[in-house]
Every structure is written in C-alpha cells, then in structure tokens.
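The values are calculated or read from the model by the stated rules, or taken from the named source; none is laboratory data. None of these values were measured; they are calculated from a predicted model. Neighbour counts are summed over all protein chains in view; Cβ atoms, including those assigned to glycine, are modelled from backbone coordinates with ideal geometry. Heavy atoms of the whole protein, side chains included, go into the accessibility calculation; ligands, DNA and RNA do not. Shrake-Rupley method; radii C 1.70, N 1.55, O 1.52, S 1.80 Å.
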Amino acid sequence: MKIRAAAVAGAFYEADQDFLRQHLTSMLAVAGGCSEIRPKVLIVPHAGYIYSGAVAAQAYTTLIAVAADIARVVLFGPAHRVPLEGMAVPDVDAFVTPLGAVPLDREFIQAACALPGVCISNEAHRLEHSLEVQLPFLQTVLGEFTLVPVVVGHCDGLTVAAVMDALWGGPETLLVVSTDLSHFNSYEDACALDTRTCTRLLQRDSSLNG
C-alpha cells in the first residue's frame, strides 16, 4: 500500500497519539455541539492547532449530529510547498496521521483527474500542511471515511468551482475548504476583512479573489 505519511505532526499538532487525541477532545468539548446546522461545506483554518485549533473545532462540532451520514470528505487546500499550476491529486492509497490511516476514494480521484486543471502529483501533497491538519479533526469526529485530497495552486476560481461541482456528491459527501482567509492583520482588521469575506460567500459572490 502506498501512503502519504504525516509531514507536520510534532509541528502543527501533536505527534503523540494520546496527546493529540486529548487535545482534540478538549477543543471540541469547549466548542460545544450544534445540532441546528447540518453543513454540506465547511471552511476551516489550517494554522497550527495552538493558533487556530479552537476556531477549527467550532466548525467541526457542527458535524457531530450528522457524522453517521458522512462517508466521504472532499478536501481542498492551497499549495504552500511547491509551485503548482492548477490542482493536484495524489497517487497513493491512504493518508496517515498519528490517529491512523485514511483511505483515499480512488473512484472520485479518477473523476477529478478527468477534469480540466487537475493533475496527479504526489510531490504537491508530500509536505503540504493545509490538508493534513484537517485530518485529525475529521478522524475524531467522523471515525471512518474516505478522502479526496485536492491541493490548489495557481488556478482561477471557476476552474476550482467546476471540480467542486463534479465531486459534490450527496449527503454522504462533505466538502471541506482549508484556508487562512487573511494573514498578518491586526485582530480588528482581520475581523472586518473576514466578516466581509463571509458575507460575500453567503451571497454567492463569485468575484472574490485572493
């Protein structure tokens, strides 16, 4: 079996399984559950857990009520480590974290490969943290699921949207978008910028540009 090993365990989150599980359980407990929201898509930050874990936990607690219905996660995150034109999916069988292996959904990955702007690149995934840091949260809340990991490089929004549409699936499929939204702003500026971004997303404004 070909695996993509954890690259940032011990840096962005704990490498020890017990400590990691304890930290995740604590963050999710503080965040509390939310049975009113049944999300199809989550937008979640991907910094180290000490910086953004509490915010990520707020998002992931919304899955607790629907966890039994979710069998597949389609995960998008930006490329940080290698120059990438378009999007990349890996040619491996599983992604591994200290909590265990997450099998990849080969059928959905093959469907993604047939779309414009999508290539196969294990190197684009090998050291990428934007996807990896989401996996322990997903493993904790969902238990077993299959994964479709997509690293996004230089690529226009409509091309990414076409891939998201193709992989949308039904209630068994959850879409997760890993993003920091903004960097290096004051708390007040970040709140203002991110609020405007969220408002435009809810309005389905397709003119957003990073």
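Rounded to the nearest 10 Å², what accessible area does residue 113 have for a 1.4 Å probe in the complete protein model?
Its accessible surface works out to 50 Å², give or take rounding.
Just how much of residue 183 is accessible, in Å², when a 1.4 Å probe is used and the result is rounded to the nearest 10?
So the heavy atoms of residue 183 present about 110 Å² to solvent.
If amide hydrogens are placed 1.01 Å from N in the peptide plane, which non-local residues have theirs closer than 5 Å to the one on residue 42?
175, 176, 177
Restricting to DSSP H runs of at least four residues, report the calculated mean residue ellipticity at 222 nm for the chain, -39500 (n - 2.57) per run over all residues, nearest 500 deg cm²/dmol.
-11000 deg cm²/dmol
Over the chain, what is the relative contact order in whole percent, taking alpha-carbon pairs under 8 Å and six or more residues apart?
31 percent
I'm a student and want to see the number: the projected area of the Cα convex hull of the stretch 93-210, averaged over all directions, in nm².
Dividing the Cα hull surface by four gives the mean projection, 8.7 nm².
In the stretch 61-112, which trypsin sites (Lys or Arg not before Pro) fall in coil by DSSP and have 15 or fewer other Cβ atoms within 10 Å?
81
With every protein chain present, what is the per residue accessible area of the chain (1.4 Å probe, Å²)?
Counting only protein heavy atoms, the per-residue value for the chain is 52 Å².
Can you list the residues, at least 5 places off or on another chain, whose amide H is less than 5 Å from the amide H of residue 105, using H built in the peptide plane?
Close amide H contacts, sequence-distant or interchain: 147, 148.
Between residue 50 and residue 182, what length in nm is gained on full extension when 0.36 nm per residue of separation is reduced by their alpha carbon distance?
Net length gain for the segment: 45.8 nm.
Nearest 0.05, what FRET efficiency do residue 25 and residue 3 give at R0 = 30 Å with Cβ-Cβ as r?
Step by step, r from the Cβ atoms, then E = 0.75.
Considering only C-alpha atoms, what is the centroid distance from the stretch 33-89 to the stretch 153-203, in Å?
First find each Cα centre; the distance between them is then 11 Å.
Charges only on Cβ, +1 for Lys and Arg, -1 for Asp and Glu: so what's the dipole of the stretch 65-200 about the Cα centre, in debye to the nearest 20?
40 debye
Could you run the Karplus curve 6.51 cos²θ - 1.76 cosθ + 1.60 with θ = phi - 60° over the stretch 103-109 and give me ³J(HN,Hα) per residue in whole Hz, x for Gly and Pro?
x, 8, 8, 5, 5, 5, 5
Is the C-alpha gyration tensor of the chain telling us rounded, prolate or oblate? Criteria: a/c under 1.5 is rounded; beyond that, a/b larger than b/c is prolate, otherwise oblate.
It is rounded, given that a/c, with a ≥ b ≥ c, falls under 1.5.
For 2, 40, give me the order by solvent-accessible area with a 1.4 Å probe, most accessible first, ignoring ligands, DNA and RNA.
Per-residue accessible area, sorted high to low, gives 2, 40.
For the stretch 157-210, take the convex hull of the Cα atoms, compute a quarter of its surface area, and give me that in nm², please.
4.6 nm²
Given the options 159, 195, 179, state which has the largest fluctuation in a GNM of the chain using a 10 Å cut-off (strictly under) for Cα springs.
Its mean-square fluctuation being the largest, the pick is 195.
Hey, if you put +1 on the Cβ of every Lys and Arg and -1 on every Asp and Glu Cβ in the chain, which of 27, 44, 117 ends up farthest toward the positive end of that dipole?
Comparing the listed Cα positions along the dipole, 117 ranks first.
Would you rank 164, 1 by solvent-accessible area, highest first, keeping every protein chain in place and using a 1.4 Å probe?
1, 164
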